[in-house]
């Protein structure tokens, strides 16, 4: 694993913002791997002055949205039978129930839940969710996660032990914020 992380840090360093975009595209589409191993090193490189933190974050968000759009487009245009080549049927059914239960905000929520973020675009595409809303909710959810990881790398990137120690707390705080945002969104939606 340390060799993989070293390779990713070097790749991000060598390819820069394009590397971040490509890896976050892959992370958000059909080739899931932890976004932590892309954005934390990017934040670390920014802390050393080798990257611009703002551009690293923007590259991560754009890559995430592009990867999500890839899955959305597959589901929207090719349909359920093609999506089932990427997912087992019972997994797709769980995602569809999640999407039906939480509505469009699930594309925001889903971006913050490990194991869901890569695939939440499939039910959105199958449901033919409005493209603008899909993009906004996806970008907001991906943005929260990308910023958290980049700042984590920026402030404690040299200390891998601290990252390992605090990633659980950061994930819990992020999930708490997710619940809070969802609650506010649903209240506003019901009041309308």
Handout entry: The listed residue being part of a helix (DSSP H, G or I), surrounded by 15 or more Cβ atoms within 10 Å (Cβ to Cβ) and over 18 Å from the mean Cα position of the chain (by Cα), out of 56, 68, 46
Key = 46
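Conditions tested, residue by residue: (1) touching a helix residue (DSSP H, G or I) at 6+ places or on another chain (Cβ under 7 Å); (2) modelled with pLDDT of 80 or more.
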residue: 90; (1), (2): no, yes
residue: 96; (1), (2): yes, yes
residue: 100; (1), (2): no, yes
residue: 103; (1), (2): no, no
residue: 109; (1), (2): yes, yes
residue: 115; (1), (2): no, no
residue: 120; (1), (2): yes, yes
residue: 124; (1), (2): yes, yes
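Search the stretch 26-41 for residues being within 15 Å of the chain's Cα centre (by Cα) and surrounded by 20 or more Cβ atoms within 10 Å (Cβ to Cβ), and hand back the single one that is farthest from residue 75 (Cα to Cα).
Taking the candidates together, the pick is 40.
Any chance the stretch 140-151 includes a residue that's more than 30 Å from residue 43 (Cβ to Cβ) and touching a helix residue (DSSP H, G or I) at 6+ places or on another chain (Cβ under 9 Å)?
no
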Practice task
With respect to residue 85, determine if the residue is surrounded by fewer than 18 Cβ atoms within 10 Å (Cβ to Cβ) and more than 30 Å from residue 14 (Cα to Cα).
Solution key: yes
Exercise for the section: Return only the number of the condition from (1) in contact (Cβ under 8 Å) with a residue 60 or more places away in the chain; (2) under 15 Å from residue 28 (Cα atoms) that residue 105 does not satisfy. Expected result: (2)
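The values are calculated or read from the model by the stated rules, or taken from the named source; none is laboratory data. Bear in mind that the values here come from a model prediction, so they are computed numbers and not experimental data. No Cβ is skipped: glycine too gets one built from the backbone with ideal geometry, and neighbour counts run over all protein chains shown.
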